[in-house]
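Notes follow the structure.
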Amino acid sequence: MPYNERSHSNYYFLGQLKSPGQYTMLIPFLGMTCFVILYLIAALVYPGGSAVNPQQVGFSFWNNYLCDLLDEFAINGSLNSARLYARLALGVLCTSLMLLWFYLPKLFVRKTLNQYIMWFSGLLAFLVVFFMAGNSHDLIVRIAGVFGVVAFISCSRELLRAGYYRLGLLGLFCLLIFAVNYYIYETGINIILLPLIQKITFVSCLIWFFGLNYCLMKRLKETVPRKNPDSIT
């Protein structure tokens, strides 16, 4: 359970951040769900080809990267009929997670410098990921990765400090498996395992984001002022 700590006035930006509307935080849930559905559709219509087997038919769970679905042409040389669904999925996901991250400081009672680092780095990471579908994939991965690591570390630290231990540990696990991804990506060691590890990372991160969103909605509901039944309406 989160710790009980007296709220205090805070005149910095995050301390004055207004709570979202009653149903606003359902948008990230819907966005992440739409992302999964659209990416499944993209995988189903992907023409084929992978780094392991350029002539394979369709999308291979074991051999294709998720980013293969974003390219203009499939690896087998065909026009990529999956790119529209994949790019739409990426846009929906980034928009949804930016909304979640914008209001995430409302999860915590105290506002700290670490939360400002968490807030700015997370929003910048999701903003950079928007450009993943362009021609600078490797550069985008590195830039977004730097901001993402800072955001994950600072957020996990806040979660653990505030008593959200499971979410904090899950965030650290996501950070660890992300580091494994990046190490393999840069070194090429055990590169054949990277498509599978990439998908495990995505699923882990989505579960973490779902958890963050759930706890944030619960926290916002708890802080809504209750009407006095004896008051005159």
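The values are calculated or read from the model by the stated rules, or taken from the named source; none is laboratory data. Treat the numbers as computed from the prediction; the structure is a model and nothing was measured. Protein only, heavy atoms only, side chains kept; ligands, DNA and RNA dropped before computing areas. Shrake-Rupley method; radii C 1.70, N 1.55, O 1.52, S 1.80 Å.
Full extension of the chain between ASP138 and TYR23 gives 37.7 nm of extra length, using 0.36 nm per residue less the Cα-Cα distance.
Between helix 26-45 and the chain there is an angle of about 10 degrees, using the helix long axis and the longest principal axis of the Cα atoms. Expressed as a whole percent, the accessible area of the chain that falls on carbon and sulfur atoms is 67 (1.4 Å probe).
Taking all protein chains as they are arranged and a probe of 1.4 Å, the heavy atoms of LYS218 leave approximately 100 Å² accessible to solvent. Once backbone amide H atoms are built at 1.01 Å from N, GLN56 has GLY49, SER50 as its partners under 5 Å, excluding neighbours fewer than 5 places away on the same chain.
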